[in-house]
Amino acid sequence: MLDLAYARHRMVDNQLARRGIKDENVLNAMRDVPREEFVEPGFEEFAYEDGPLPIGEGQTISQPYIVALMIEAAGIKPGDKVLDVGTGSGYAAAVMARIAGRVHTIERHAALGETARRRFEKLGFDNIELRIGDGTRGWPEAAPFDAVIVAAGGPGPPQMLMDQLDIGGRLVIPVGPETHSQRLLKITRTSGTKFEEEDLGGVMFVPLIGEQGWGEQRPASDGNPGTGHSALRRSPALSLPAMIAAAAELLPEIDNPAFAASLDRFADRRVVLLGEASHGTSEFYRARAAITRRLIEKHGFTIVAVEADWPDASVVDRYVRHRATRTEGQLPFQRFPTWMWRNTDVAAFTDWMHEHNRDLPADRRAAFYGLDIYNMRESIAAVLKYLDEVDPQAAVIARERYGCLTPWQREPSTYGRAVLTSGYSKCEQAVIEQCRELLKKRLEYALKDGEAFLDAAQNARLITSAERYYRIMYYGGAESWNLRDTHMFETLEHLLEAHGPASKAVVWAHNSHIGDARHTEMGSIRDELNIGQLCRERFGAEAALIGLGTHTGTVAAAHDWDSDMQIMQVRPSHDESYERLCHDADRPRFLLDFRRDEALRFRLLEPRLERFIGVIYRPDTERMSHYAHASLPQQFDAYVWFDETSAVTPLGPEHVRPGVPETYPFGL
Ligand code: SAM
């Protein structure tokens, strides 16, 4: 039996409070109103999912977060008189009625309106008045309103609604030239004639149809959820692979410019996260490289942040940005799994970055960063080297502090056990103090060389994260995973901040880091979070999460940690997996944009198996070792499919190129 009350509280905690909804009135009202009463019969178990659901007439009940965001933005208080345009299921009106004094709500579809009216009666709401009609004209007899909320997207804010606001009243409405993608505006009436406008970000609503909205004849648009849902109604018998085949946007070969251009739809995002279903598949690297090249060349992205260790990636960054090469220290990417970054696809991409940057001024060059925390030893060396140069006295103290970790530098995984079982002293305080001190001198140090300071500061942060990581890793469990992904996310935030408010980043990491963890077993059972989830929580619609997947082929991987890389056959995907559905769609390469087909999205919502191959692949125990349940369309905004894929080619001596400097990241 589903515990819907529990699911409701989890929804409020995870989807609302964690994403920044603070208004206690809103949080309490949403803990109180049973959303399951507002969805169509049979859909109750999905009532607390993080998305809109179909309610008939091609319309949707809005995502809980959007309902909360709009009500919070409208600043609805006890005693307020509120107008709700677009009753839909009646859920938002019911939530507002728990807070406000009186709610007037208007719905243009009579059938939806009547169903909502019955729900209000059943649940005992006696402060809601409902009318069937065109809400763009407002409800003049009941005006003025303290707040007006419009749950459908129009070409602009209807004048009649603005006129019905009280002084100080707020109108919250999605507005935009497209019928499926709008900006959410908050308009506050500051006097009889003056209004102030605030942009709350990008949203996606069904169209507002009416006198002061879109015309009646206007099609519901190619991409809006309404259209998709009517498609679901029309063709309930269509098999899932057939629906996938119909929705699939076929992709040409990766090298064809049209391949990367198909992802242009995400180019206005602040962060584009590109996943992979294994760490050893050439198509995944080449696809991400092609998309990233285009985002850099045509759309102003300047940060490439990858699931690699910071100090190693920093060597590559020096190469791609034509910065002075390092003459000492460990060669980059020497640790297992070397093929993950020392492969021909990555080398080709970093060569491209090097060429692309050649004639650009330093501040427009695209940079290559690592988000991961494993190479603590090199990070320590980098901080010490930096301080030796800029502040030798501080370097002496730093050496002493980091000395605490010296015995564990080679095998940091033994540090946690030693601290816990043998009474060795923790180095926590020492590394935190060191990091704090370095950051305290930010102004002084950054003045000398901002780039070098960013590198050192990030290394110092990494050491504090890594110290803790290795200590808690001993216990296993979610905490060490969460620490690592939180560190990766915070590093990304630091990078965006360092590159300025207009900066945009592409992230490369495994699907398990990028697909929103809340919609996977990782999140729902093990309480793990990931960088994709944190990006959605922080950047909302400004982040695009894109997964990559395959059915079969070859992969570069090892059987065990630290053992040799092998080229292995990837078993055909499991019968009950998403991969099998995509394979059965019978198309070699395609893009599934879940936002463009609500019917398909809805049919795919229910969790299924999904395959995760990392640097280890164990075909013999594949089901247990590599499959987990997830809800693909909630994990990702879009999914790029390659039916058959091949292993990456690790760099070997044959790739050494004459004339390339010794410190070139790979040709060593
Ligand atoms: N807040 C609703 C809920 O909680 O279920 C979701 C509403 S749904 C996203 C938008 C609704 O606006 C649809 O039911 C649609 O029929 C309605 N709508 C669109 N244009 C309208 C108009 N001019 N007047 C009234 N309702 C309208």
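The values are calculated or read from the model by the stated rules, or taken from the named source; none is laboratory data. All figures in this text were calculated on a predicted structure; none of them were measured in a lab. Because the Cβ atoms are built from the backbone with ideal geometry, glycine has one as well, and the counts that use them run over all protein chains shown. Just the protein is used for accessible areas: all its heavy atoms, side chains included, with ligands, DNA and RNA removed. Shrake-Rupley method; radii C 1.70, N 1.55, O 1.52, S 1.80 Å.
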With every protein chain left in place, what is the accessible area per residue of segment 242-650 in square angstrom, probe 1.4 Å? 39 Å²
In terms of the alpha carbon gyration tensor, root eigenvalues a ≥ b ≥ c, rounded if a/c is under 1.5 and otherwise prolate when a/b exceeds b/c or oblate, segment 1-74 is oblate
Descending principal axes extents, segment 469-581, alpha-carbon based, whole Å: 45, 36, 29
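If each residue of separation counts as 0.36 nm, what is the full-extension length gain between residue 426 and residue 195 once their alpha-carbon separation is subtracted? Walk me through the numbers before you get to the answer.
Working: separation 231, 0.36 × 231 = 83.16 nm, distance 5.81 nm.
Contour length minus the Cα-Cα distance gives 77.4 nm.
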Order 204, 473 by their accessible area, 1.4 angstrom probe, all chains in place, largest first. 204, 473
Tell me which residues come under 5 Å, amide H to amide H, from residue 577 once H is placed; ignore anything under 5 positions away on its chain. none
When Rg is the radius of gyration of the Cα atoms in segment 4-237 and Rh is its Kirkwood radius, what does Rg/Rh come to? 0.93
The set of cysteines in the chain having no other cysteine's C-beta under 4.7 Å reads 435, 535, 582
Just grab the label-to-label distance for residue 446 and residue 13, each label 7 Å out from Cα along the Cβ direction, in nm (one decimal). 3.7 nm
Roughly how much of residue 524 is accessible, in Å² to the nearest 10, using a 1.4 Å probe? 60 Å²
How many nm separate the modelled label positions at residue 479 and residue 242, each set 7 Å beyond the Cα in the direction of the Cβ? 5.3 nm
Distance between segment 310-377 and segment 146-167 - C-alpha centres, whole angstrom: 51 Å
How much net charge surrounds residue 589 when only other residues with a Cβ under 11 Å from its Cβ are counted (Lys, Arg +1; Asp, Glu -1)? -4
Let me cross-check residue 195: its accessible surface, 1.4 Å probe, with only protein heavy atoms counted, in Å² to the nearest 10? 60 Å²
Calculated from backbone phi, Karplus (6.51, -1.76, 1.60) coupling profile of segment 334-344 in Hz, x at Gly/Pro: 8, 7, 4, x, 4, 5, 4, 10, 8, 9, 5
Counting only protein heavy atoms and using a 1.4 Å probe, what share of the accessible area of the chain belongs to carbon plus sulfur, as a whole percent? 50 percent
With label points set 7 Å from each Cα along the Cα-to-Cβ direction at residue 521 and residue 37, the distance between them in nm comes to 3.7 nm
For segment 391-510, the Rg and Dmax computed from alpha carbons only, in angstrom: 15.9, 50
If each DSSP helix of 4+ residues adds -39,500 (n - 2.57) and the sum is divided by the residues in the chain, what number results at 222 nm, nearest 500 deg cm²/dmol? -11500 deg cm²/dmol
Give the long-range amide H neighbours of residue 372: residues separated by 5 or more places, or on another chain, with amide H under 5 Å away, using H modelled in the peptide plane at 1.01 Å from N. 308, 309, 310
Rounded to the nearest 5, the percent of antiparallel DSSP beta bridges in the chain equals 45 percent
Two decimals is fine: what is log10 I(q)/I(0) at q = 0.08 Å⁻¹ for segment 242-650, from a Debye sum with one equal scatterer on every Cα and no solvent? -0.42
Could you point to the residue in 459, 524, 332 farthest towards the positive end of segment 242-650's charge dipole, with +1 and -1 charges on the Cβ of Lys/Arg and Asp/Glu respectively? 459
Please give the length that would be gained between residue 3 and residue 159 if that part of the chain were fully extended, namely 0.36 nm times their separation in residues minus their C-alpha to C-alpha distance (nm, one decimal). 51.7 nm
So what is the accessible area of segment 4-237 per residue, in Å², with the probe set to 1.4 Å? 40 Å²
How high is the relative contact order of the chain, in percent, with contacts defined as C-alpha pairs under 8 Å that are six or more residues apart? 14 percent
Can you tell me how much longer the chain between residue 123 and residue 623 gets when fully stretched, taken as 0.36 nm per residue apart minus their C-alpha distance, in nm with one decimal? 175.4 nm
